[in-house]
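The structure under discussion appears below in the form of structure tokens.
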């Protein structure tokens, strides 16, 4: 991808377009470089005096300018000038007409260096687009537990169920325990009578010889 930086007479980037001429970013600055208006879908590191190498490193509003850092909120250098009398003063307090490309040497803007605003200067800077991250590796599903039934014993036999007709159930254990009363039987019989019914329940639990009988009468009003 290509990004074209359009700057004003001071070298501050005012507009950024892509290779097809579409506007992707725009900036409006006050005197000392604070952004007071911004548009577009992209954020670029070169803004105020960007064509002179002022770069926003994302350090809380600081611009990296050669040997020092510049703070646009206060209009001052963060570090004191090492070899001069200006201290923290930025460009002799004349940011509209001066720039400092290395953080140590303020210079007057000359017409021959950067064209005026009606002759917008632009530079093309290739933009490296990082490759898309690989798709996330799906988390493997845990294997389904394998349920192994316990082998049948006379103490804990398997129970086979037979339902010959609705409402009846015959249970047969395996292996067949000793004794004649190993099987079980359940039946639920309903006999309609008029507007009601008679319900007869018969049950013989496995391992027992006694039978249970239940009779109920239901009437519909």
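Quick notes on this one:
- Flag if residue 48 is surrounded by 11 or more Cβ atoms within 10 Å (Cβ to Cβ), touching a strand residue (DSSP E or B) at 6+ places or on another chain (Cβ under 6 Å) and modelled with pLDDT of 90 or more: yes
- Verdict on residue 11 being touching a helix residue (DSSP H, G or I) at 6+ places or on another chain (Cβ under 9 Å), surrounded by 16 or more Cβ atoms within 10 Å (Cβ to Cβ) and at pLDDT 90 or above: no
- Wholly within the range 156-196, strands (runs of 3 or more DSSP E) carrying at least 3 residues that are under 57 Å from the mean Cα position of the chain (by Cα) and either surrounded by 15 or more Cβ atoms within 10 Å (Cβ to Cβ) or at pLDDT 75 or above (or both): 158-162, 168-174
- Across the range 96-135, the qualifying residues are those that are in a strand (DSSP E or B) and either out of contact with any helix residue (DSSP H, G or I) (no Cβ under 8 Å at 6 or more places or on another chain) or loosely packed, with under 11 Cβ neighbours inside 10 Å (or both), and the one among them that is modelled with the lowest pLDDT is 122.
- The set of residues in the range 50-95 being within 18 Å of residue 13 (Cβ to Cβ), in a strand (DSSP E or B) and over 34 Å from the mean Cα position of the chain (by Cα) consists of 65, 70.
- Consider the range 22-43 and keep the residues that are assigned to a loop (DSSP other than H, G, I, E, B) and touching a residue at least 12 places away in the same chain (Cβ under 8 Å). The one that is surrounded by the most Cβ atoms within 10 Å (Cβ to Cβ) is 33.
- Residue 67 falls short on exactly one of the conditions (1) surrounded by fewer than 21 Cβ atoms within 10 Å (Cβ to Cβ); (2) touching a strand residue (DSSP E or B) at 6+ places or on another chain (Cβ under 8 Å), and that condition is (2).
The values are calculated or read from the model by the stated rules, or taken from the named source; none is laboratory data. Since the structure is predicted, the reported quantities are computational estimates derived from the model, not experimental observations. Every residue, glycine as well, gets a Cβ built from its backbone with ideal geometry; the counts of neighbours run over all protein chains shown.
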